[in-house]
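Novice: Please read through the structure below; I'll follow up with questions.
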Amino acid sequence: MTDLTHLTCPSCQAKNRIPAAKLGARPSCGVCKAQLMPDTPFELDEAQLNKHLKNDEVPLLVDFWAPWCGPCRMMAPQFADAAKQMSPKVRFAKLDTEQHQAVGSRYQIRGIPLIILFDHGREVARQPGAMDARSIVSWVSQHLKR
Ligand SMILES: [Zn+2]
């Protein structure tokens, strides 16, 4: 029996089913052919985040940020670097809390940058404050170890 992993396409939001063994082989979306496991962070809005949380069986790390936030912008390249290091174990996404303000109250976000790690639709852990790539990678690994 093949073990299928469900995951949402970062580009068209279609639900895909990929054999677990192929997650590291640069799988592409069955609908739009975009990379399903990009090694760079992708943008999400609230509706897209909801879809990912509903469908994804691959851990998702979301960077809640805003364009006016200096530390957020400083952290962006570190976040991208961590995404490369953790691919294809974890997918990295960014959500602009200025454009999508409802998300801020829904997740009770009091300060940004804030990263939240989701796995199978549940919040596993959150960490406020700017972090470098090495701290992000070790923080995520520590919380996925259970
Ligand atoms: Zn797609």
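The values are calculated or read from the model by the stated rules, or taken from the named source; none is laboratory data. Fair warning: this is a prediction, and the values are worked out from it, not measured in the lab. When we count neighbours, we look across all protein chains shown, and the Cβ atoms used for this are built from the backbone with ideal geometry, even at glycine. Please note that ligands, DNA and RNA were not included when accessible areas were found on the heavy atoms of the full protein model with its side chains. Shrake-Rupley method; radii C 1.70, N 1.55, O 1.52, S 1.80 Å.
Novice: Has region 16-24 got any residue that is charged (D, E, K, R), away from the ligand (no atom under 14 Å from the Cβ), farther than 24 Å from S135 by Cα and within 14 Å of the chain's Cα centre (by Cα)?
Specialist: Within region 16-24, not a single residue is charged (D, E, K, R), away from the ligand (no atom under 14 Å from the Cβ), farther than 24 Å from S135 by Cα and within 14 Å of the chain's Cα centre (by Cα).
Novice: Also, I was wondering about something else. Mind listing whichever residues of region 27-48 are within 12 Å of the ligand (Cβ to nearest atom) and either in contact with a helix residue (DSSP H, G or I) (Cβ under 7 Å, 6 or more places away or on another chain) or of a type outside the set (A, V, I, L, M, F, W, C) (or both)?
Specialist: Matches in region 27-48: P27, S28, G30, K33, Q35, P38, Q48.
Novice: Could you please let me know if P41 is open to solvent by less than 50 Å² (accessible area, probe 1.4 Å) and not small (G, A, S)?
Specialist: Here the answer is yes, as P41 does meet what is asked.
Novice: Checking Q78 against (1) more than 16 Å from the ligand (Cβ to nearest atom); (2) in a helix (DSSP H, G or I); (3) within 13 Å of the chain's Cα centre (by Cα), which single condition isn't satisfied?
Specialist: The one condition Q78 does not meet is (3).
Novice: In region 121-146, which residues are exposed (fewer than 14 other Cβ atoms within 10 Å of the Cβ) and over 17 Å from P77 (Cα atoms)?
Specialist: Step one: filter region 121-146 for residues exposed (fewer than 14 other Cβ atoms within 10 Å of the Cβ), giving 121-123, 129, 134, 138, 141-142, 145-146.
Scanning region 121-146 gives G121, R122, E123, S141, Q142, K145, R146.
Novice: Any residue at all in region 52-61 that is open to solvent by less than 40 Å² (accessible area, probe 1.4 Å), assigned to a helix (DSSP H, G or I) and within 16 Å of the ligand (Cβ to nearest atom)?
Specialist: Narrowing region 52-61 to residues open to solvent by less than 40 Å² (accessible area, probe 1.4 Å): 52-53, 55-56, 58-61.
From the residues that got through so far, the ones that are assigned to a helix (DSSP H, G or I) too are 52-53, 55.
The next check asks that each one be within 16 Å of the ligand (Cβ to nearest atom); those that pass are 52, 55.
Yes; the residues of region 52-61 include at least one that is open to solvent by less than 40 Å² (accessible area, probe 1.4 Å), assigned to a helix (DSSP H, G or I) and within 16 Å of the ligand (Cβ to nearest atom).
Novice: While we're here: Only one of (1) at positive phi; (2) open to solvent by less than 40 Å² (accessible area, probe 1.4 Å) fails for Q108. Which number is that?
Specialist: Every condition holds for Q108 apart from (2).
Novice: Return the only residue of A47, A66, A93, A83 being open to solvent by less than 40 Å² (accessible area, probe 1.4 Å) and over 15 Å from F118 (Cα atoms). Working first, answer last.
Specialist: On the way: A47 fails: open to solvent by less than 40 Å² (accessible area, probe 1.4 Å); A93 fails: over 15 Å from F118 (Cα atoms); A83 fails: over 15 Å from F118 (Cα atoms).
From the options A47, A66, A93, A83, the qualifying one is A66.
Novice: Can you name the residue in region 1-15 that is over 23 Å from D45 (Cβ atoms) and either in contact (Cβ under 8 Å) with a residue 40 or more places away in the chain or hydrophobic (A, V, I, L, M, F, W, C) (or both) and is also farthest from the ligand (Cβ to nearest atom) among such residues? First the steps, then the outcome.
Specialist: Of the residues in region 1-15, the ones over 23 Å from D45 (Cβ atoms) are 1-5.
With the extra rule that they be either in contact (Cβ under 8 Å) with a residue 40 or more places away in the chain or hydrophobic (A, V, I, L, M, F, W, C) (or both), the set shrinks to 1, 4-5.
Numbers: M1: 26, L4: 17, T5: 15 Å.
Going through the qualifying residues, I end up with M1.
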